[in-house]
Structures are given as C-alpha cells and as structure tokens.
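Working notes, beginning with the structure itself.
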Amino acid sequence: MSNPSYSHDEYFPTDRAAYQPPYNPYYQPYENQPNHITGQYARGQDQTVMIAPEPQPGQRTSRSRTSTIRRPRLENPEKRRKRRSEGRVNTCIKYAVFFYNLLFWIVGAALLGFGIWGLVSKSVGLEDITSGFLDPMWLVTILGAFIFILSTAGCLGALRENTCLLKFYSIVLGLIILAEITIVILAYFYRDEGTNLVSNWVDKAIYDYMDDPDTQFLMDSMQKDMKCCGGNGPDDWEKNLYFNCSSPAQSKCGVPYSCCRPPDSIAIINYQCGYGVRDEITTPSQDDVIYTIGCVKSIDKWLTQNLVLIGGIIGGIVLVQSMALWFVRSLIGDIKAIKSMWK
C-alpha cells in the first residue's frame, strides 16, 4: 500500500538531475565526497551534490536526505568476520609483532652475551651487586636478559598465537611505558636529586678509575665528549690514590689525559699530559692545558640545551612501544574471537 505523503519524483528525479539536500545545521560540506549509494562523485557550488540513482523495479528506496560519512577502517568488517569464521587471525599484525620482537630478541641476546663476557673476563662476582657501586657490566647483563626474555615471549606468543604469552608481553610492555613516562616527569621536576645522583656516581667512578677498565672507559669518554674534568672540577681527582698530590706515583697532582685540551697540530695522544697540572708551582694556569669545568655542570647544561631533542626521542620511543602494544592487543582480540566460535 503506497504512502500518500511520499512523492517519488520529489526525492529521486527520473531525469537524474542534480539533487540538492535541504538545509541541515549539522551538515558539513565536503568536496568530492562519494554518494553513499551509487559511489559517484559530484561537485556543486556551495556544497557537495549527491546524484540520486534511478529506482529499480521492486526496490525499496531510502528517504534519507543526508549522506552518511563512513569512518575509515584498517580492515573491512565483512572480511574480518569471514577471516575469523575461517579461524584465521590478521596475518599482517601477527608477523608485524613477530618481526618487531625478533629485532629486539637479537639486540637482547647481543647485550646479554657481551655482559656475560665482560663479567667473566673481569671475574666479577655476585657480591658486587650489594655494594655501593654497581659494575657497568652488570647493568648491561641485566638489561640484555630482560630484553631477551620479553622479546622471546612476544615472538613465541605471536608465532604460536598463545594468548598467555601475549598477555604477559602486553602487561610488561604497558608497565614499561608507564615507567618511562613517570621517570621523565620525575626527572624534570626533581632535577636537583638527579644532579646529586650523577655527582655521586662521578665521585665513585673517580675513586675506582684505575681499578676498573669499564669505569675508566666511561669517565674518559664523558670527559672528552663533554669537555669537562672531574665532577665539580679538576680538584675532584684528589680523591684518587694515583692522582693525589701525596702519591709517590708520577701522576701525582694530576688528572687523566681525557681532561687535557687536544693540541691543534699533534695527532698523537699524550697520556701524560695531565700529570702535575694541579700543582700551582709547575702549572700556574690550568685553563691552557686542561678543561676546568666540572662534568656535572656540563651534563646539566647539555640537557638544558637539548631538552626538545631528548623529548622528541623519548616521545618517538613511547609511540613505537604504544603501537606495538596496540598490535598485540588486537592480535589477542582476534584469537579470543576465534576461540569463542569453537564453544
């Protein structure tokens, strides 16, 4: 039975003339938007023109006067339902998670192997963990083992479609993201406490400079790159037994070679350039020979000048980790949806 209030020619002109929708306060004009029924494109003067299709015999026509703007989807819902009905997860997400964790698995294995080699070569024992100064090789070993275990869970969970391993991976990764954000916020608002931690580490490194080759390498690299000497200045090297002014060694009242200003013409490194430079009698002016600014102040200055760069790097790392977390949660949802069809 026909509806007398409905005019077919009013809504669907038979000559396929341009159809102008009535005023709608919620309608936002878009250029080159496709018709939601015919998929054809048309452009008008003020807003998008929708071309009305010719009615087919026996076809029920819609009385909607406004177009529907569909949100873009990563995957067609029909394809997703068909894929899940066939018992298949999203292959792209599955192998993206696998290769992402495979890369970190290689990095973790390399760090773990390098750390164990360093500990064995230096004969470092477990008692050093409880001491006031943690050996750098222990840090490398612990970090490598953590990355290796977590990435192994991610690889196996994605490859075998194991929800238990994937949930463990997603929970730990989420905690890592929260910890990174928390550390950045705390480091920004508690800069003085962070400066004290760096100062304490430098003092301990100065004391163990000649006894630990890893600490010696870190101190030399920091002093050369940051163009600094000691924690608060060259006088901090008085805490070292070999550079103490009362030491019988040839290096007394001196500093390591990494504190020396590099000469312009000589390419050969003089490892004794810092011997005796803190003696005011033999070296009245230290500025011409060594760096006189402390490393703690240099590090604080470098962080202040590169705050935007550091924030961008940390933001990029968090973004990549968040994408990996989203992929893992999507994969878990696929697996759960497939398992629900088996019941």
Check your understanding: Once amide H atoms are placed 1.01 Å from N in the peptide plane, what residues at a sequence separation of 5 or more from Ile290, or on another chain, have their amide H within under 5 Å of its amide H?
Key -> Arg261
Review point. What are the ³J(HN,Hα) values, in whole Hz, obtained from phi via the Karplus relation 6.51 cos²θ - 1.76 cosθ + 1.60 with θ = phi - 60°, for each residue of segment 104-116 in sequence order, with x given for Gly and Pro?
Key: 6, 5, 5, 4, x, 5, 5, 5, 5, x, 5, x, 5
Revision key, fill the gap. Evaluated at 4 °C and 1.567 mPa s, the Stokes-Einstein D of segment 253-336 based on the Kirkwood radius over Cα pairs, in µm²/s, stands at 75 µm²/s
Review point. Of Leu309, Leu241, Leu173, which has the most accessible area and how do the rest follow, probe 1.4 Å?
Key: Leu241, Leu309, Leu173
**Study point:** Whole-Hz ³J(HN,Hα) from phi, Karplus 6.51 cos²θ - 1.76 cosθ + 1.60, for segment 205-211, glycine and proline x
**Key:** 5, 5, 5, 9, 4, 7, 9
Exercise for review: Kindly write out, for segment 191-204 in residue order, the coupling ³J(HN,Hα) from the Karplus curve 6.51 cos²θ - 1.76 cosθ + 1.60 (θ = phi - 60°), rounded to whole Hz, with x marking Gly and Pro.
Suggested key: 5, 5, 5, x, 5, 5, 5, 5, 5, 5, 5, 5, 4, 5
Check your understanding: Taking a 25 Å limit on the Cα-Cα distance, which of the listed pairs Lys122/Lys227; Lys122/Lys301; Lys204/Lys252 fall beyond it?
Key -> Lys122/Lys227; Lys122/Lys301
Revision key, fill the gap. Counting only protein heavy atoms and leaving out ligands, DNA and RNA, the solvent-accessible surface of Ser121 at a 1.4 Å probe, in Å² to the nearest 10, equals 70 Å²
Exercise for review: Decide, for segment 134-220, between rounded, prolate and oblate: order the square roots of the alpha carbon gyration tensor eigenvalues as a ≥ b ≥ c, take rounded if a/c falls under 1.5, and otherwise choose prolate if a/b is larger than b/c, else oblate.
Suggested key: oblate
Study note, to complete from the structure: Everything considered on the Cα gyration tensor (a ≥ b ≥ c; rounded for a/c under 1.5, else prolate if a/b is larger than b/c, else oblate), segment 302-343 must be described as prolate
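The values are calculated or read from the model by the stated rules, or taken from the named source; none is laboratory data. Being a predicted model, the structure only gives us computed values, none of them experimental. Ligands, DNA and RNA are stripped out before the accessible areas are found, and what is left, the full protein with its side chains, is counted by its heavy atoms. Shrake-Rupley method; radii C 1.70, N 1.55, O 1.52, S 1.80 Å.
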